[in-house]
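Asker: Quick one: this structure, given as structure tokens, is what I'll be asking you about.
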Amino acid sequence: SFPVEKPFEALSEGEKAALLHRMDETARRYSPYVTQVQAGYHQLRRRVWVFNSEGLWTEDDRQILEFRIAVTARRNGVLQRIGSGVGGQMGLELLERDDPVALAHEVAESAVVMLDARPAPAGEMTVVITNGWGGVLFHEACGHAMEADFVTKGTSAYTGMVGEQVASPLITAVDDATLPGRRGSFRFDDEGTPAQRTVLIEEGVLREYMWDLTEARREGRTSTGNGRRQSFRHMPMPRMTNTFIAPGPHDPEEIIRSVRRGLFVKRLGGGQADIARGDFVFSVTEGYLIEDGRLTAPVRGATLVGNGPQVLRQIDMVGTDWALDRGMGMCGKGQVARVSVGQPTIRVPKLTVGGTDQAITGQMGV
């Protein structure tokens with residue numbers, strides 16, 4: 001397990017409740033347009049034992065802490081709801097890394113700003129996707145297709161492509177369960193295989209898939225430590241851990257300045273992806289127009305529609321501002337697993353945006 005500097009018991013139940021009340025009050029105090037606040041605290045301690053017929057016997061103690069908040073703002077019949085959270089495999093030292101009260105202010109601000117959002121444009125345009133949680137698009141549209149069970153069944157867009165160029169040379173993608181305190185991290189997976197860092201794509205070339213013991217033995221390979229399961233009631237299967245696009249050479253402000261007209265995606269919402277083909281649809285919960293290299297008006301109702309493998313090939317700018325999400329990722333695949341996603345700011349020169357307004361006039365992109 002990862003060291004816990006400040007145990008859950010360091011704060012009383014009353015003190016934890018008081019912290020949630022401060023989050024609620026901070027969000028409501030931000031604006032009279034804030035009409036509803038939901039704040040939550042979750043702590044979990046899980047003891048994990050793994051032993052098998054080959055003599056393996058190992059155990060782990062995993063502690064998970066989460067703060068969540070959702071803020072609803074309403075004005076003149078327009079309603080906007082923004083949610084976020086912070087968390088990780090750690091104790092109350094999380095409060096020193098991420099202040100949940102400051103998070104409440106930030107989320108309230110976003111919800112109120114989005115009340116002024118104009119209908120999103122529709123059409124093909126340059127899209128800049130923020131760092132951190134923006135990596136959920138790679139996770140859904142590409143990452144699942146690199147999990148070995150889909151690969152061996154031939155239902156993955158990446159089956160049989162190891163050694164081939166599958167992305168822009170700017171793209172290196174990694175799955176790393178060894179990162180201390182992160183949501184998808186562990187000392188060993190749920191089959192007892194030690195955690196490791198697996199380079200999936202290196203400078204655009206597909207290098208490896210994510211393997212559990214079953215799929216690895218079937219194919220004469222070695223497990224990459226990605227055998228995970230929701231609980232002892234579920235069978236292990238290949239799953240991502242902390243999966244991200246590595247940093248690149250571009251200043252994130254330079255990326256924005258490079259776009260004449262396009263869309264900046266600050267928060268992604270829910271999405272769907274076809275693992276076999278890589279097609280995806282994602283909602284944008286907070287987005288802004290880019291006009292003449294500057295962020296201007298907020299927009300609502302935007303969706304990103306595209307193909308994951310094609311987008312990876314198109315990415316032409318990758319920022320230096322790498323970050324993981326704040327620690328709230330939960331991935332479903334017949335069973336659920338805690339994960340982290342991440343990336344720097346990236347630019348996709350041509351991506352279809354579904355919106356509620358007619359297409360922006362003029363040339364999109366550079």
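Asker: For the subset of region 1-30 comprising residues that are at pLDDT 95 or above and among the basic types (Lys, Arg), which member is surrounded by the fewest Cβ atoms within 10 Å (Cβ to Cβ)?
Answerer: Per the criteria, the residue is 29.
Asker: Among the residues of region 178-193, is any in contact (Cβ under 8 Å) with a residue 24 or more places away in the chain and β-branched (Val, Ile, Thr)?
Answerer: Taking every residue of region 178-193 in turn, at least one turns out to be in contact (Cβ under 8 Å) with a residue 24 or more places away in the chain and β-branched (Val, Ile, Thr).
Asker: Further question: Could you grab me the full set of residues in region 290-322 that are under 26 Å from residue 80 (Cα atoms) and within 18 Å of the chain's Cα centre (by Cα)?
Answerer: 303, 304, 305, 306
Asker: Quick check, is residue 276 within 30 Å of residue 219 (Cα to Cα) and not hydroxyl-bearing (Ser, Thr, Tyr)?
Answerer: Taking the combined requirement at face value, the residue satisfies it.
Here is a yes/no grid of residues against (1) surrounded by fewer than 23 Cβ atoms within 10 Å (Cβ to Cβ); (2) of a type outside the set (D, E, K, R); (3) farther than 27 Å from residue 347 by Cβ; (4) in contact with a Ser or Thr (Cβ under 9 Å, 6 or more places away or on another chain):
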{"site": "137", "(1), (2), (3), (4)": "no, yes, no, no"}
{"site": "157", "(1), (2), (3), (4)": "no, yes, no, no"}
{"site": "161", "(1), (2), (3), (4)": "yes, yes, no, no"}
{"site": "182", "(1), (2), (3), (4)": "no, no, no, yes"}
{"site": "196", "(1), (2), (3), (4)": "yes, yes, yes, yes"}
{"site": "219", "(1), (2), (3), (4)": "yes, no, yes, yes"}
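Asker: How about region 274-299: which of its residues are touching a helix residue (DSSP H, G or I) at 6+ places or on another chain (Cβ under 7 Å), modelled with pLDDT under 95 and either over 15 Å from residue 352 (Cβ atoms) or assigned by the TED database to the domain that holds residue 107 (or both)?
Answerer: 275, the sole residue that qualifies.
Asker: With the requirement that a residue be in a helix (DSSP H, G or I) and over 19 Å from the mean Cα position of the chain (by Cα), what does region 107-118 give you?
Answerer: Within region 107-118, 108, 109, 111, 112, 113, 114, 115, 116 meet the criteria.
Asker: Still on this structure, I have one more. Starting from region 10-23, keep only residues that are assigned by the TED database to the domain that holds residue 99, then list their pairs with residues that are among the small types (Gly, Ala, Ser) and in a helix (DSSP H, G or I) whose Cβ atoms are within a distance under 7 Å, requiring at least 6 positions of separation or different chains.
Answerer: Matching pairs, first to second residue: 23/104.
Asker: Take residue 173 and decide whether it is crowded, with 21+ Cβ neighbours inside 10 Å and modelled with pLDDT of 95 or more.
Answerer: So residue 173 passes the test.
Asker: Going by the structure shown, is residue 156 outside any helix (DSSP H, G or I) and either closer than 29 Å to residue 232 by Cβ or among the aromatic types (Phe, Trp, Tyr) (or both)?
Answerer: Considered against the rule, which asks whether it is outside any helix (DSSP H, G or I) and either closer than 29 Å to residue 232 by Cβ or among the aromatic types (Phe, Trp, Tyr) (or both), residue 156 comes out as yes.
Asker: Moving on to the next point. Return the residue satisfying two criteria in turn: it lies in region 31-67 and is of a type in the set (Phe, Trp, Tyr) and exposed (fewer than 14 other Cβ atoms within 10 Å of the Cβ), and of such residues it is farthest from residue 190 (Cα to Cα).
Answerer: Step by step, filter region 31-67, then rank; the result is 57.
Asker: Of a type outside the set (A, V, I, L, M, F, W, C), at pLDDT below 95, within 19 Å of the chain's Cα centre (by Cα) and part of a loop (DSSP other than H, G, I, E, B) - does that describe any residue in region 98-106?
Answerer: yes
Asker: Follow-up. Would you tally the residues in region 241-289 being over 21 Å from the mean Cα position of the chain (by Cα) and surrounded by 24 or more Cβ atoms within 10 Å (Cβ to Cβ)?
Answerer: Within region 241-289, residues that are over 21 Å from the mean Cα position of the chain (by Cα) and surrounded by 24 or more Cβ atoms within 10 Å (Cβ to Cβ) number 2.
Asker: Does region 1-30 hold any residues that are closer than 30 Å to residue 188 by Cβ and hydroxyl-bearing (Ser, Thr, Tyr), and which are they?
Answerer: Correct list: 1 only.
The values are calculated or read from the model by the stated rules, or taken from the named source; none is laboratory data. The structure displayed is predicted, hence computed values, not measured ones. As a convention, Cβ positions derive from the backbone with ideal geometry for all residues, glycine included, and neighbour counts pool all protein chains shown.
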